[in-house]
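Here's the structure, in structure tokens; my notes come after.
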């Protein structure tokens, strides 16, 4: 059988400056020798951490863009969803997943909605209710702790969680559809825990030291390395480990260069290691 290059569709916004979303996924997934096919939800001059950024909403263009992909007969080894900022976009993505989901591809839903216990400024409880509709399509769900709590209508914990408490959150999310859940970046005693849950109760953790303060685009770097690794056939544990280690190395280098937090991670120096 003739070898075929693997292909991932990534649904996210594109920022011209400030490494996040598609501006992260495109180089990372490409460096992993996988074709990255971007489906933009919006085009920004810089990420939303900067003041006075320009934004071109792509919602009305998405259906015709997707229809052309359908007419071309495209198929994908993986699909990764990211930041979606309206109920209409979520509905469009739901239809996209319904059409392009195959028995042998992998759908990763990264429900980007907030952090540190709060929604991002563009998000709301109403939009979170819409985001829940994507869970049945996900093979793997990739939320941080804030997003996990919002999806389950739970209060954000005021104290450090035990493994059993984290497991219960992940298990409950898995019952909404995704067979695998990775809860990312849970801060515990100076470490960040990435907790892996697989239906049937299999649990594993990958921990790395917390380095410095929060930086824009860190989750996008993690998810890009993670989904690329999964599409290459790595185990979910090894994929999380590779993503976490890559992010840690990029953060250390970014701090060394004294790069401002809004500029994202200086991951380019390590692309040849992927």
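Where a number appears in this text, it was derived from the coordinates with a stated rule and is not lab data. Quick caveat, the model's predicted, so the values are computed rather than measured. Cβ sites come from the backbone with ideal geometry, for glycine too, and all protein chains shown count toward neighbours.
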Review point. For segment 116-136 and segment 198-248, what is the separation of their Cα centres, given in Å?
Key: 22
Exercise for review: Quick one: check the C-alpha center-to-center distance for segment 162-183 versus segment 47-108, whole angstrom.
Suggested key: 25
Review point. If contacts are Cα pairs under 8 angstrom and at least 6 residues apart, what is the relative contact order of the chain in percent?
Key: 17
Exercise for review: With springs only between Cα atoms under 10 Å apart, run a GNM on the chain and tell me which of 51, 179, 249 wobbles the most.
Suggested key: 51
Check your understanding: How do 26, 74, 44 rank when sorted from fewest to most other Cβ atoms within 10 Å of their own Cβ?
Key -> 74, 26, 44
Revision key, fill the gap. Fewest to most Cβ atoms within 10 Å: 224, 23 sort as 23, 224
Review point. Relative contact order for segment 127-262 using alpha-carbon pairs under 8 Å, separation at least 6, rounded to a whole percent?
Key: 18
Exercise for review: Go ahead and collect, in residue order, the members of segment 27-42 whose backbone nitrogen is under 18 Å from a label point 7 Å along the Cα-Cβ direction of residue 3.
Suggested key: 30-36
Check your understanding: In percent, what relative contact order does segment 211-274 have, based on Cα pairs under 8 Å that are 6 or more apart in sequence?
Key -> 43
Study note, to complete from the structure: The extension gain from residue 87 to residue 158, computed as 0.36 nm times the residue separation minus the Cα-Cα distance, is 22.5 nm
Exercise for review: Tell me what the chain gives for mean residue ellipticity at 222 nm when only DSSP H runs of n ≥ 4 count, each as -39,500 (n - 2.57), the sum divided by the residue total, rounded to 500 deg cm²/dmol.
Suggested key: -10500 deg cm²/dmol
Point to revise | Residue-span extension gain [residue 237 to residue 17] - 0.36 nm each, minus C-alpha spacing | key: 76.0 nm
Review point. In a GNM of the chain with a 10 Å cut-off on Cα contacts, which of 198, 158, 187 has the highest mean-square fluctuation?
Key: 158
Revision key, fill the gap. Eigenvalues of the alpha-carbon gyration tensor of segment 185-271, times 5 and square-rooted, give semi-axes in Å, largest first, of 24, 16, 9
Practice item. Sticking to Cα atoms, compute the Rg of the chain to one decimal and its Dmax as the biggest Cα-Cα distance, whole number, in Å. Key: 17.5, 54
Check your understanding: Does segment 19-78 classify as rounded, prolate or oblate by the C-alpha gyration tensor (a ≥ b ≥ c root eigenvalues; a/c under 1.5 gives rounded; else a/b over b/c gives prolate, otherwise oblate)?
Key -> oblate
